[in-house]
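Here's the structure, in structure tokens; my notes come after.
Here, each number is a calculation from the coordinates, and none is a lab measurement. As the structure is a prediction and not an experimental result, all values here were calculated from the model. So basically every Cβ, Gly included, is an ideal-geometry build from the backbone, and we count neighbours across all protein chains shown.
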Amino acid sequence: MVVALVKIVLLGTWGTFFVWIVSFGQKDLARLLHPDLWWLLICASLILFMFLIFHSRKSLKSQRGTPVWWQLPSLMIMFVPLLFFPQVQGARFNAETFSKRSIPTVDGFRQGNMLSKRGDTESQEGDVPLTDLIYFGEKYLGKEVEVVCQTLMDKRLPENNAICYRYLMNCCAADAMPIFIFLQYPEGLSIENEKWIRTKGRVSMQKNSGIEIPLIKIHAVEYVEEPPFPYLL
């Protein structure tokens, strides 16, 4: 009886949580899921409430004679997602994630194989998305652009060069892959590693691992807060 009641409470709690995160927790949801897929959580919530109704009507009667130890596995499964919450608050994609999800080579890094050419996009912040610079680089050659990205300093890069990267999301955080360009900065400028920056400069191209990658010649950086939605779509 007690186990059955706990299951009912957990089903109701998870269903309510999914509704809440879609309605009021978009900031946390943006770290996990493509914004166009919010409806999946609504569907999940409806399914959980259907299970709750079914469980409420059937389990209290049918499980009276069922040993508690026999019901424990299904109960523990409902508690497993709780292990996620202590980690998600401070979890961030960083240089370590970049090295695991990009394709390292002797000369540097290649863009992820999952990239597929997309339409020209415009950022609401006024900066040029890295996807545009990579897919339509010739359009920006010789022009001054502004970008917002994370920094990565790597010893394999030429002197006074840094990687400027963000993650491209297709479905959720699990499939997010890093895409990047290069920054070339003057001698007197020091760039901190693994920081969000806003910077601007003139676009050229630089070869890395046999392919041409956009390079922006910059003169200054502005350190900024992580964007509310840190991924590219």
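Some observations on this one:
- Ranked by how many other Cβ atoms sit within 10 Å of their own Cβ, fewest first, the residues 169, 78 fall in the order 78, 169.
- Counting other Cβ atoms within 10 Å as a rough exposure proxy, the listed residues 218, 211 run 211, 218 from fewest neighbours to most.
- Under 14 Å from a label point set 7 Å out along the Cα-to-Cβ vector of residue 172, the amide N atoms of the range 30-54 belong to 30-45.
- Summarising the label geometry, the points placed 7 Å from Cα in the beta-carbon direction at residue 144 and residue 92 lie 2.9 nm from one another.
- Ignoring aspartates and glutamates fewer than eight residues from residue 207 along the same chain, the ones with Cα atoms less than 15 angstrom from its Cα are 107, 138, 159.
- Model label sites at residue 26 and residue 211, defined 7 Å from Cα along the beta-carbon direction, differ in position by 3.3 nm.
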